[in-house]
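This report refers to the structure that appears directly beneath it.
The values are calculated or read from the model by the stated rules, or taken from the named source; none is laboratory data. As the structure is a computational prediction, the values presented were derived from the model and not from experiment. Counting neighbours? That spans all protein chains shown, and the Cβs are built from the backbone with ideal geometry, glycine included. The accessibility values were calculated without ligands, DNA or RNA, using every heavy atom of the protein model including side chains. Shrake-Rupley method; radii C 1.70, N 1.55, O 1.52, S 1.80 Å.
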Amino acid sequence: FMSIPSHRVVIVGGGFAGLHAAKHLGNSGYDVTLLDKRNFQLFQPLLYQVATGSLTIGDIAIPQRVVLRKARNVRCLTATAYDIDPARRVVLHEFGEVAYDTLIVATGVKHHYFGNDQWRAFAPGLKTAEHAIEMRRKIFGAFERAELTEDPQAQADLLTFVIVGAGPTGVELAGAIGELAHKTMVRDFRRIQPERARVLLVEGANDVLPLYDQKLRDAARRQLEALGVTVMTQTLVENVSDEGVQVRSGERREAIRARTVLWAAGVRASLFGRILADRTGVALDRGGRVRVESDCSLPGHPEIFVLGDLARMTDARGREVPGLAPAAIQQGRYVASILKRRAKGKAAPKPFRYADWGTMAVIGMNRAVGDLRAFRTTGIIAWYIWALVHIRALIDGSQRLRVFVQWSWKYFTRHIGDRLVTGNPTSTQALRDVHLANTDSQPPA
């Protein structure tokens, strides 16, 4: 392809997989277009820290064009792609269409409410910048509202936080809220005692972090309970409303009154998986992920690659590739290497092999668990490793510095800097109009 400089590579999705593919195709001789509905890459593993005030969105997000500024052959377009035409080889987006010779799709996943999408209005998930800001507004807004009221029941409802799902995201959210209530904000209010907040972690499986080793699950539970988190395992959510959640454990049902319910129970592949299935006939799994070949390409369509969380893939060792950031990054680099080898007339590389260095979950300051390739670890050592790994994984040097400074400040002072309750407050005029309407009074002349 080096002799055909017009060979067009279109990448749909600028997350871990898409951005790393674009970065490694920089100055390769290909004409690369990165198409994403947002103009920035978001470091999703740290979104919960935005939701709980430790970091800002700017600390963990960076415009894709900034990362790719030295790649003169790559252009970034901000638009939502909604269809493809494999016969014409074009991607359709909200402002038009873009033609491709090679297509890379890496559009990730969205929340899965298991057929109860109406719960979304009461239990936001955590996948986007907007989700994190919405969660932050709900969490800190609950404490602020509790400070306003003298009604003990209303205070109790506002100071009850329910997190549904005890995978890594749920555990991290529960631990962070527990730390806020029991350590960070204990002296910041006058009427309420934040440490009296109830943080409930609800999980349908037998234990927290179901995919981890038993010793790590036990350690995680102990660390959560040390932060005041009540762990409710073997408990299913039957309903979510603005008043709280209805749960069932065995034959026992319970209504939990809570004004803040957060969702961390499941994900489903983005709509683009269904689009690919409709247009190419490719098979999807139960979660909507696209089944791909050992080189990440679609069966019968070697010009289309699917990467990251959207792909259902078995690697060269016969193991299923997990939906984790390191796997997406490795796939992005792998497909870029395939295209660069093609451009030089070289044979394709060996089938993709995922380098699994383990998984980690942080529960609070100096509290974490890690199931690493060489060993398992808990407590402060696991927390230090987790911090170093995540700082290193940030794609930009300025991000690494900002996150290091923020974490250092929090570590030594126990203060966090972004408890802002954003959104439009109630209008003074609207409140005045309601008051006058209810009292049938007129303002003085």
Query raised in the report: In the range 265-288, what count of residues is obtained for those that are in contact with a helix residue (DSSP H, G or I) (Cβ under 6 Å, 6 or more places away or on another chain) and open to solvent by 30 Å² or more (accessible area, probe 1.4 Å)?
Result: 1
Report task. Name the residue, out of Glu238, Glu195, Glu179, that is more than 30 Å from Ile381 (Cα to Cα), of a type outside the set (A, V, I, L, M) and not in a loop (DSSP other than H, G, I, E, B). Result -> Glu238
Report summary line: Inside the range 27-62, the number of residues satisfying the requirement of being open to solvent by 20 Å² or more (accessible area, probe 1.4 Å) and either of a type in the set (Phe, Trp, Tyr) or outside any helix (DSSP H, G or I) (or both) is 10
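For the range 368-382, which positions are under 21 Å from the mean Cα position of the chain (by Cα) and modelled with pLDDT of 95 or more? Step through it out loud before you land on a result.
Keep residues of the range 368-382 that are under 21 Å from the mean Cα position of the chain (by Cα), which gives 368-371.
Passing the criteria: Ala368, Val369, Gly370.
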Report summary line: Subset of the range 104-124, residues in a strand (DSSP E or B) and open to solvent by less than 50 Å² (accessible area, probe 1.4 Å), comes to Ile104, Val105, Val109, His111
Query raised in the report: In the range 406-437, what residues are touching a residue at least 12 places away in the same chain (Cβ under 8 Å) and among the polar types (S, T, N, Q)?
Result: Gln406, Thr422
Query - Single condition Arg145 does not satisfy, out of (1) more than 22 Å from the chain's Cα centre (by Cα); (2) surrounded by 19 or more Cβ atoms within 10 Å (Cβ to Cβ); (3) among the basic types (Lys, Arg) - result: (2)
Query - 3 or more residues within 30 Å of Gln153 (Cα to Cα): qualifying strands (runs of 3 or more DSSP E) within the range 248-352 - result: 252-257, 260-263
Query raised in the report: Since Leu227 meets every condition but one in (1) open to solvent by 20 Å² or more (accessible area, probe 1.4 Å); (2) touching a His at 6+ places or on another chain (Cβ under 7 Å); (3) modelled with pLDDT of 95 or more; (4) not charged (D, E, K, R), which condition does it not meet?
Result: (1)
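Considering Asp83, Asp101, which residue is surrounded by fewer than 18 Cβ atoms within 10 Å (Cβ to Cβ), in contact (Cβ under 8 Å) with a residue 60 or more places away in the chain and within 14 Å of Gly13 (Cα to Cα)? Reasoning before the result, please.
On the way: Asp101 fails: within 14 Å of Gly13 (Cα to Cα).
Among Asp83, Asp101, only Asp83 is surrounded by fewer than 18 Cβ atoms within 10 Å (Cβ to Cβ), in contact (Cβ under 8 Å) with a residue 60 or more places away in the chain and within 14 Å of Gly13 (Cα to Cα).
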Query - the range 379-403 residues that are among the acidic types (Asp, Glu), paired with ones that are surrounded by 15 or more Cβ atoms within 10 Å (Cβ to Cβ) (beta carbon under 8 Å, 6 or more apart) - result: Asp396/Ile62; Asp396/Val67
Query - Filter result (surrounded by 14 or more Cβ atoms within 10 Å (Cβ to Cβ), free of Cβ contacts under 8 Å to residues at least 60 places away in the same chain and charged (D, E, K, R)) within the range 333-364 - result: Arg353, Asp356
